[in-house]
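The values are calculated or read from the model by the stated rules, or taken from the named source; none is laboratory data. Worth saying up front: this structure is predicted, and the values here are computed from it rather than measured. Every residue, glycine as well, gets a Cβ built from its backbone with ideal geometry; the counts of neighbours run over all protein chains shown.
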Amino acid sequence: MFNSCVKPETLITMTYEGVLTKMQSEFGSPIQYYLVFENGFLNVNQLLNKELEINFVGYQCLNCGKKKKIFRQGFCYDCFYSSAAVGDWIMKPELSTAHLGIQDRDLAYEQKVQLQPHIVYLALSSEVKVGVTRKTQMPTRWIDQGATQAISIVEVPNRYLAGITEVALKNHYADKTNWRKMLTNNVEQMDLIAERLKVENLIPTEVQEYFYSQKNDLYEMHYPVLSYPNKVNSLSLDKTPQFQGKLTGIKGQYLLFEDGTVFNIRGSEGYLVRVNV
């Protein structure tokens, strides 16, 4: 919903209202970010160095659409424990069973998502980490986690094989991003092409044939950040329903403000907000 009003000093304030979902991104230098609402979208890059006001209005479950308190991942409590879109295999790909024809919550949905090419990768977001994504989510997945570089290790035909590969490599690499280090740009520098060559003998036997040994597919991500904070303070709309600050950067799924406040858009999915710019 878009509204505008002319203030006495003739400055125009635009108001955007809608349910938060993760920012859409467009690979480029720098990466372009968009907040997409039901009746329009906002190019967030254009708000850099400008005052932004965020007001919490209410909740709306991304699954059932009811105005119920969000439990996790934009879903209300009931939907989180019933929807196939948030089964345990999402966070733990090694639990995938669609390749065996075994249902978790909805076999048709699970076959559609699990039985497609998946990538296991190394990325630099805070330190070198290993992760899994569907091939169709490259490079979006790396942008969402704030990685500055990423490279594929294997491309496998289903989520299960990707999951067991990730498990094998967790003994050698982190599998989560230190978001504070990522947002302060405290990132370790590593040669990911050289690092990839080290993992060939660490991956499971059934995945060896899919190993990328020669392919040069190093991605580099450049984020629209004017300045990085020295320390960060996470904004929670439940605790602070109204916030105003100057936007100084966008990285991963976070908005960075001049005073060190950071706002995780993806962590606030399902929240109905009113944004004044």
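May I ask you to verify whether Lys251 is touching a residue at least 24 places away in the same chain (Cβ under 8 Å) and either assigned by TED's automatic domain parsing to the domain that holds Glu26 or of a type in the set (S, T, N, Q) (or both)?
yes
Can you run down the residue pairs with Cβ atoms below 7 Å, 6 or more apart or on separate chains, where the first is in the range 155-169 and assigned by TED's automatic domain parsing to the domain that holds Val132 and more than 13 Å from Val113 (Cβ to Cβ) and the partner is hydrophobic (A, V, I, L, M, F, W, C) and assigned to a helix (DSSP H, G or I)?
Every condition considered, the pairs that remain are Val156/Ala162; Val156/Val207; Leu161/Val207; Thr165/Val207; Ala168/Leu202; Leu169/Leu202.
Between Glu110, Glu94, Glu166, which is at pLDDT 95 or above, in a helix (DSSP H, G or I), surrounded by 15 or more Cβ atoms within 10 Å (Cβ to Cβ) and touching a strand residue (DSSP E or B) at 6+ places or on another chain (Cβ under 6 Å)?
So the residue among Glu110, Glu94, Glu166 that is at pLDDT 95 or above, in a helix (DSSP H, G or I), surrounded by 15 or more Cβ atoms within 10 Å (Cβ to Cβ) and touching a strand residue (DSSP E or B) at 6+ places or on another chain (Cβ under 6 Å) is Glu166.
Could you tell me which numbered condition Cys61 fails, if it satisfies all but one of (1) in a helix (DSSP H, G or I); (2) touching a residue at least 12 places away in the same chain (Cβ under 8 Å)?
For Cys61, the exception is condition (1).
What number of residues within the range 37-49 are modelled with pLDDT of 95 or more and either of a type in the set (Val, Ile, Thr) or within 16 Å of Ser268 (Cα to Cα) (or both)?
Looking only at that region, the number is 1.
Please go through the range 113-147 and pick out each residue that is over 13 Å from the mean Cα position of the chain (by Cα), assigned to a helix (DSSP H, G or I) and surrounded by fewer than 23 Cβ atoms within 10 Å (Cβ to Cβ). Give the derivation first.
So the first thing to find is which residues in the range 113-147 are over 13 Å from the mean Cα position of the chain (by Cα), and the list is 113-124, 126-130, 134-136.
This time we only want the ones that are assigned to a helix (DSSP H, G or I), so: 113-114, 135-136.
Scanning the range 113-147 gives Val113, Lys135, Thr136.
Yes or no: Asn171 over 14 Å from Glu127 (Cα atoms), assigned to a loop (DSSP other than H, G, I, E, B) and of a type outside the set (Ser, Thr, Tyr)?
Details: over 14 Å from Glu127 (Cα atoms): yes; assigned to a loop (DSSP other than H, G, I, E, B): yes; of a type outside the set (Ser, Thr, Tyr): yes.
For Asn171, the condition - over 14 Å from Glu127 (Cα atoms), assigned to a loop (DSSP other than H, G, I, E, B) and of a type outside the set (Ser, Thr, Tyr) - is met.
For the range 43-89, give me each residue that is of a type in the set (Gly, Ala, Ser) and either crowded, with 17+ Cβ neighbours inside 10 Å or within 24 Å of Leu107 (Cβ to Cβ) (or both). It would help to see each step written out before you state the result.
Narrowing the range 43-89 to residues of a type in the set (Gly, Ala, Ser): 58, 65, 74, 82-85, 87.
Passing the criteria: Gly74, Ser82, Ser83, Ala84, Ala85, Gly87.
If you scan the range 189-212, which residues turn out to be among the β-branched types (Val, Ile, Thr) and either crowded, with 17+ Cβ neighbours inside 10 Å or over 30 Å from Val225 (Cβ atoms) (or both)? Walk me through how you get there before you give the answer.
Within the range 189-212, the subset among the β-branched types (Val, Ile, Thr) is 193, 199, 203, 205, 207.
Hits for the range 189-212 are Val199, Ile203, Thr205, Val207.
Tyr173 - would you say it is more than 20 Å from Pro139 (Cβ to Cβ) and under 21 Å from the mean Cα position of the chain (by Cα)? It would help to see each step written out before you state the result.
Details: more than 20 Å from Pro139 (Cβ to Cβ): no; under 21 Å from the mean Cα position of the chain (by Cα): yes.
So Tyr173 does not fit the description; no.
Is there a residue in the range 177-188 that is farther than 23 Å from Thr248 by Cα and either touching a Lys or Arg at 6+ places or on another chain (Cβ under 9 Å) or surrounded by fewer than 18 Cβ atoms within 10 Å (Cβ to Cβ) (or both)?
Filtering the range 177-188 down to residues farther than 23 Å from Thr248 by Cα leaves none.
No, the range 177-188 contains no residue that is farther than 23 Å from Thr248 by Cα and either touching a Lys or Arg at 6+ places or on another chain (Cβ under 9 Å) or surrounded by fewer than 18 Cβ atoms within 10 Å (Cβ to Cβ) (or both).
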